[in-house]
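Before any comments, here is the structure.
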Amino acid sequence: MKASIKWLKEFADFSLAPEELADALTMTGLEVEDIKDAEGDPILEISVTPNRPDCLSIKGIAREISAILNVPLNDVPISIEIEEGVRPLIEIKEPDICPRYASRIIRGVKTGPSPEWITTRLQSHGIRPVNNVVDITNYVLLETGHPLHAFDLDRLEGDRIVVRTAGSANKFQTLDNEKRTLAGDMLMIWDEKKPVAIAGIMGGLDTVVSETTSNILLESAYFDPVSIRRTSKTLNLSSESSYRFERGADIKGVVPALNRVTGLIIEIAGGTATKTTDVYMKPHVSENISVVFEKINNILGVKVEPALIQELLSRLGIESRPGGLRLSV
């Protein structure tokens, strides 16, 4: 995971030198393997373990910094003007693999090159700029950790998006111009006549956003990690999106990421947005974990007061409730 110091500072107010910050993160288990310079902006190369998908983003790393240093965690204000219009219709036929799918249409975008500040950040994080719409989806992925996709609306057939398996559709051309051989149980995104994306991994060439695109349909969803991992391995195809879905994206981040990408697209490429269609068929129920304070201290090898434990959890965005000698989160 690459993380720009300048970008991190937009979310966490810290003054540590890059080397000092690297040491602090490494002590928490986020090992900083290298620091590289990108035109005056130090880029941290961070090794994120599989159990920390929450740190696969700029905001995730900034949250960790906020907790370590006890500094404020900032957020980006989102303002979107919504116009009445036909919202996308979404049908999920595989709710166990895709429990949530949100979408929105933006009409009248002007597709073209991205501003320099976006292309610079993408390139310093290993992503090749394409055009403003595609670049913004990648930018928000890096910022929030939640994958997004944009379809050329006018190249979709019918009036609905269907989330279902490939079935008898055994060939699919991805946007990298490769023809993929599909297995029937692979999860796909369809319009009413054809598959248009390999769910959570890569979109199709037929509906790619290009310089002629003026209307787009945005996708923000949650896909089952096991399903994505299996498909990615079978096809020998991975992407920034599949990397995050395989490790577990935040199902509660579906709509916030969609709103963030919408706001940036309208700001940079113009257009008007419809309301969101959010199909949430299997709402996530958080599990409660109860821990004895004494056990926490025994594992750590040092005594940490209950109030400080709660404060540290709160800085990480984790709600906790004390109950006698126990803590529930």
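The values are calculated or read from the model by the stated rules, or taken from the named source; none is laboratory data. All values reported here derive from a predicted model rather than from experimental measurement. Please note: Cβ atoms are built from the backbone with ideal geometry, for glycine as well, and neighbour counts cover all protein chains shown.
For (1) under 19 Å from R104 (Cα atoms); (2) touching a Gly at 6+ places or on another chain (Cβ under 7 Å); (3) not aliphatic (A, V, I, L, M), each residue gets a yes or a no:
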{"position": "G158", "(1), (2), (3)": "yes, no, yes"}
{"position": "Q173", "(1), (2), (3)": "no, yes, yes"}
{"position": "M186", "(1), (2), (3)": "no, no, no"}
{"position": "K194", "(1), (2), (3)": "no, no, yes"}
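Residue-wise test of (1) without any contact (Cβ under 8 Å) to a residue 24 or more places away in the chain; (2) of a type in the set (S, T, Y); (3) crowded, with 17+ Cβ neighbours inside 10 Å; (4) not assigned by TED's automatic domain parsing to the domain that holds I198.
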residue: L237; (1), (2), (3), (4): no, no, no, no
residue: S241; (1), (2), (3), (4): no, yes, yes, no
residue: T262; (1), (2), (3), (4): no, yes, yes, no
residue: I268; (1), (2), (3), (4): no, no, yes, no
So, in the range 213-249, how many residues would count as being out of contact with any helix residue (DSSP H, G or I) (no Cβ under 7 Å at 6 or more places or on another chain) and charged (D, E, K, R)? 4
For the range 249-289, give me each residue that is more than 11 Å from the chain's Cα centre (by Cα), of a type in the set (V, I, T) and within 20 Å of L89 (Cβ to Cβ). T262, T272, T274, T276, T277, V279
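From D185, D191, D159, D152, grab the single residue that is modelled with pLDDT under 95 and either assigned by TED's automatic domain parsing to the domain that holds V140 or surrounded by 14 or more Cβ atoms within 10 Å (Cβ to Cβ) (or both).
On the way: D185 fails: modelled with pLDDT under 95; D191 fails: modelled with pLDDT under 95; D152 fails: modelled with pLDDT under 95.
Selected residue: D159, the only one of D185, D191, D159, D152 that is modelled with pLDDT under 95 and either assigned by TED's automatic domain parsing to the domain that holds V140 or surrounded by 14 or more Cβ atoms within 10 Å (Cβ to Cβ) (or both).
Out of the residues in the range 215-230 that are of a type in the set (S, T, N, Q) and outside any helix (DSSP H, G or I), state the one that is farthest from H149 (Cα to Cα). Write out each step before concluding.
At the first step, the residues of the range 215-230 found to be of a type in the set (S, T, N, Q) are 215, 220, 227.
Narrowing the set further to residues that are outside any helix (DSSP H, G or I) leaves 215, 220.
Details: N215: 14, S220: 7 Å.
Ranking the qualifying residues of the range 215-230, first place goes to N215.
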How about the range 33-67: which of its residues are buried (at least 16 other Cβ atoms within 10 Å of the Cβ), in contact with a Cys (Cβ under 9 Å, 6 or more places away or on another chain) and among the β-branched types (V, I, T)? I46, V48, I61
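Could you list, in sequence order, the residues of the range 244-260 that are farther than 25 Å from P77 by Cβ and surrounded by fewer than 19 Cβ atoms within 10 Å (Cβ to Cβ)? Outline the logic, then answer.
Here is the first cut: in the range 244-260, the ones farther than 25 Å from P77 by Cβ are 245-248.
Matches in the range 244-260: G248 only.
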Scanning for something modelled with pLDDT of 95 or more, over 17 Å from I268 (Cα atoms) and more than 15 Å from the chain's Cα centre (by Cα), does the range 130-149 turn up at least one residue? no
